[in-house]
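J.: Here it is, the structure in full.
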Amino acid sequence: MIPAIDSLQRLVGLAVAVAVALLLAYLLRPRRRQVEVPFSGLWQRVLQRRDARSLGRRWQRWLSLLLMVAIAGLLWGALAQPLLRPQDTAGPVARWSTVLVVDRSASMATRDGQCGDGALCARFDEAREAVVRWLDATAEDEDVLLMAASGHAEVLGGWGSDKTALQRAVQTVEVTDGGLDWAGALDTATQMLRGRRGARIVLVSDGGLPLAAAPTATVDVQRIWVGPLRSPPRAVAAAAPLAAASSTVALDDLAVVDARLRAQADDPDRGVLTVRVRNDAQRTIAARLVVCSAADAQLPAEFAADRALRRLVEVTIPAGESLHRIDGLDLIEGRFAVRVEGREASTDGGAAWRDVAPWNDWGFAVLASQRRLKVLRVGSPNRFIEGALAALGRVDVVNVAAEDYQPQHWQAVARGRHGIDLAVLDQVDAPPPTGLPALVLALQPPADATASARLLSGPEILVRAGDHPAMRNVSFQDTNFDQVRVLAVGPLDETLAAATLGGGRSAAVMVARHGTVRRLDWGIDLLQTDLVGRYALPILLANAVAFLAGEEDGVSTPLELGRPWAVEAAVRGGKWQYLEPGQRPRPARQSAGQLLAASEIHGLHVWRDDMGREEARPSVMPASERAASVQRDGMPHAPRPRPPVRNGPAMAWPHFAVWLLAGLLALAGEWWLYLRRRTV
Amino acid sequence: MTEGAIRQDLFDAAFLGRVEQLALLARRMATSGAQAHRRSKQLGAGIEFAGYRHYADGDDPSQLDWAVYARSDELLVREFEEEQDLSVYFLVDHSRSMAIGPEGLPTLLDRALQVSAALGYIALSNLDRVAVVPFDQGAAAPMRAVRGRNQFYRLLRALSAVEAGGRTAIAASVADFVKYQPRPGLVVLVSDFYDPRGLGDALRLLAFRGFEPMVLHLCDLSLLQAGSYGDVALVDSETGEQREVTLTPALMDEYREAFEAFSAEIALAAREAAARCLRVDVAVPFDELVLQVFRSGGFLR
């Protein structure tokens, strides 16, 4: 802002006066008494020593240390900056981030709006004008996202400060004939604002929206009314319909007993949160469930620091315990916290929410895929199983050799506090621990089993129950099995895959239930099949682990599409050929290259790494076995588009040169301090 | 060095009388047996028998000991200790810092001149050769050494001509002094030694050239007490450099510590060069100062 001329003159006059006063003070300052000394060098030594002990010198040393740290940090930043630059290059940090939500529900077509010239117009036309005026009035550095909302919310313009484009965009919006999903619109807007500073939502609507649904915890919601509520009385703004009459119960009567989270069966990216709430009061209480999510938080304090409001759900909680189900939660973050808040009447007659007993109002739920499991693995070392378990990334394995395995011991341990979740028995001539879910791989049946073993040689395997959680996304197509054991299927057991040979079909993979304990039987030996080199194995094992751990809906494989799956494999020279693009197949181990061998059918390659270890890799993965390519119903899976990349903590990496320049400046400062240290 | 009038303020009749007494006292101290007589390290024509050596071409045949030849059939030459007169050089610092002294008392330079005169008289009485070499940043050509008590007035005139001025550079001055290749002898360095470069180099050079250095550190201990405290500008007497400080008792304590450390450095440098070192306060009367020199030993033996 440029000051007025008279004030500028006053400013200059003041500056001159101050300068004159300073000059006079300088001229009239008391002169020091001069004392002649024979040798000032001695005094120099004294002052130098005193200076070295002085606070200022110590401060200089600290400053020097800080500068050195700064130099290191800045130079590190300068060098690492190209590596750390995020894929999503966010623009400059905006002071405000606003989602402008324009109501385009059917009511907005009502022609009782008032346009700029005073003429009667549709409420939506008035809303358009309001949006244009609002955009004109916003600051240049305000980041705006424009959404139109009715039954669903639609983003009209992304984050950016080009107000003209947004004004053009709002002109293209038309009114729909549906209602307004206010909660959904706010949920979407809140998600868009996550991680942004100065977040707020501005709603342009004709009113009648529940205040209770506003995500007051994290986002400021402002409203621009159009239509009859253009100048809303306070009562209207504060009014909030509630499902139940207000009551003034003690708020610590409510507590979250348990919260469970699982992915939706039809959409693994969406989750269902089941909340068990206890109401100790002897009456029904109107309340709301506040659902938050976080990437890493586990505890209330951590959620308080790093959480994002995901959903506000009004509920009526009867006395005693009740279950409440919240559908459609986006599972971008798998850690959820849910809090129950009772309602009490506010002084102005509206609704107010308060939480006075935070120690028991919170419940936490972690997505199954983020839960850690402890697996007891019995059998000889088998790199395929070890590799597949390790690939899950959430399993702690306790390895026990077959000869050391005593079912009774582990049965006791399993019942103790060692926390074994499930057992994997690979070609072990002993039953799994009683009462422990188990995956049993065996060509030979256990000694105590009554069923006789029948081995099929060179069979084909068919997936019979592809919709079972243990078989989801698994295909055995074109897989070679040297031998398969025929399983004896009981009345409650379910065959998941069958071996076919000569027209007959016999169970080879099945689910067996022993009471409430689950068990999976695989009548195969992983050393006698090329399944181990295929992507199906880690998926199959991931499904098995999830199913046995009681995760009903299964856990989709943690392997991402295209991620290499590799385990070390024993190579049998006679079975493999060396394949090289453009070359004729040659016997394995005759090549000097790293690629040692390949299976004839599946493109299973065996590689040797620099350490001399050999690995089997499905370098060419059959399309039918890509994890996300097949859904349970056999329809091609269309991955849900990821939401827009969040702008994170609004930090843009400065340019390399800025880091470098800052580092050099700090270096110069440190050098100056160093010289002072030497010369004083 | 010009020889002008003798400064009466320094070398008056009373001074001369006390010097005479000091000479008698010194002679008594020298012959008391406590000190050994100075012996020349050179062999030559003397009366004190030193030993035999084998005859070599060019030796004076008259020095052959024929009696020994008759007995042992070996040609041996008798050697005697050569008696030499000692050269004593007074290197007197006349830099600007020496012109300072306690109020009502002689300055460091005046005291240095008086001490040099007294010691010079004693040396002359001992038939030694004495020369005065004033120095500041460098040393002028030494005056022609005088010998005998009757030359004392020439010594006084030379000392009277010395005036304060210039900066102290001891090493350069000593280097100048040895350039004139004076006869090796005793060098008495009389100075306040306020030289940032220290004393060590000068003493090492003297010792290397065969001189026997002696350090007489004159100091004004009244400077260690502040007249008044407060803000002052300390002006270096030689460089004119100013340094603003606030004098406090604590700062003066630190200054005293620094001065003691400085004195210790001088003593250490002297010890390293095998030189005697004596620190004397300018407030001490000159005759007492001379006696201190004698008591410390090593001036004349």
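The values are calculated or read from the model by the stated rules, or taken from the named source; none is laboratory data. Keep in mind that this is a model prediction, so the values were computed, not measured. Please note: Cβ atoms are built from the backbone with ideal geometry, for glycine as well, and neighbour counts cover all protein chains shown. Quick note on the areas: whole protein, heavy atoms, side chains included, nothing else; ligands and nucleic acids left out. Shrake-Rupley method; radii C 1.70, N 1.55, O 1.52, S 1.80 Å.
J.: If you take the square roots of the eigenvalues of the alpha-carbon gyration tensor of the stretch B:158-198 and sort them as a ≥ b ≥ c, do you get rounded (a/c under 1.5), prolate (a/b over b/c) or oblate?
T.: Here the stretch B:158-198 falls in the oblate category.
J.: Round to a whole number: what % of the accessible area of the stretch B:199-287 belongs to carbon and sulfur, probe 1.4 Å?
T.: Details: 2010 of 3840 Å².
So the carbon and sulfur contribution to the accessible surface is 52 percent.
J.: Continuing with the same structure: Indicate the gyration tensor shape class of the stretch B:96-233 (rounded, prolate or oblate), computed on the Cα atoms with a ≥ b ≥ c the square roots of the eigenvalues: a/c under 1.5 is rounded; otherwise a/b larger than b/c is prolate and the rest oblate.
T.: oblate
J.: In chain B, what % of DSSP beta bridges are antiparallel (nearest 5)? Provide the component values of the computation, followed by the final result.
T.: On the way: 18 of 42 bridges.
Rounded to the nearest five, the antiparallel share is 45 percent.
J.: Select from B:A123, B:A264, B:A202 the residue whose mean-square fluctuation is largest in a Gaussian network model of chain B (Cα-Cα springs shorter than 10 Å).
T.: Sorting by GNM fluctuation, first place goes to B:A264.
J.: Another question about this same structure. What number, rounded to the nearest 500 deg cm²/dmol, is the helix-based mean residue ellipticity at 222 nm of chain B, given -39500 (n - 2.57) per DSSP H run of at least four residues and division by all its residues?
T.: Working: 8 runs with 106 residues, N = 301.
Taken over chain B, the calculation gives -11000 deg cm²/dmol.
J.: Moving on. Connecting C-alpha atoms closer than 10 Å in a GNM of chain B, tell me which of B:A140, B:A14, B:A23 has the biggest fluctuation.
T.: In this elastic network of chain B, the residue with the biggest mean-square fluctuation among B:A140, B:A14, B:A23 is B:A14.
J.: On full extension of the chain, what length is gained from A:A52 through A:W96, given 0.36 nm per residue of separation minus the C-alpha to C-alpha distance? Walk me through the numbers on the way to the answer.
T.: Working: separation 44, 0.36 × 44 = 15.84 nm, distance 4.93 nm.
Roughly 10.9 nm would be gained on extension.
J.: Given a cut-off of under 8 Å on Cα pairs at least six residues apart, what relative contact order in percent is computed for chain B?
T.: Reported relative contact order: 19 percent.
J.: Would you mind giving the mean number of other chain beta-carbons within 10 Å of the Cβ of each residue in B:242-249, as a whole number?
T.: 3
J.: Does chain B classify as rounded, prolate or oblate by the C-alpha gyration tensor (a ≥ b ≥ c root eigenvalues; a/c under 1.5 gives rounded; else a/b over b/c gives prolate, otherwise oblate)?
T.: Prolate.
J.: Next question, about the same structure. Report the residue, chosen from B:G166, B:G148, B:G240, that carries the largest GNM mean-square fluctuation when chain B is represented by alpha-carbon nodes joined by springs under 10 Å.
T.: B:G240
J.: For the pair A:D396/A:R168, report the inter-label distance in nm, with labels modelled 7 Å from Cα in the Cβ direction.
T.: It works out to 5.9 nm between the two label points.
J.: Same structure again: Would you tell me the mean number of C-beta atoms belonging to other protein chains that fall within 10 Å of each C-beta in B:195-204, as a whole number? Display every interim value, and only then the final one.
T.: Working: counts 2, 5, 0, 0, 0, 0, 0, 0, 0, 0.
Per-residue shielding by partner chains comes out at 1.
J.: How much of the DSSP bridge set in the stretch B:154-301 is antiparallel, in percent, rounded to the nearest 5?
T.: Rounded to the nearest five, the antiparallel share is 35 percent.
J.: On to the next question. Other chains near A:46-54: what is the mean number of their Cβ atoms within 10 Å of each residue's Cβ?
T.: 3
J.: Can you tell me which of A:151-158, B:247-254, A:334-341 comes out highest on packing, and rank the rest after it, using the mean Cβ neighbours within 10 Å?
T.: A:334-341, A:151-158, B:247-254
J.: Counting protein heavy atoms only and a 1.4 angstrom probe, how many square angstrom of accessible surface do chains B and A bury in total, to the nearest 100?
T.: Summing both chains' loss of accessible area gives about 2600 Å².
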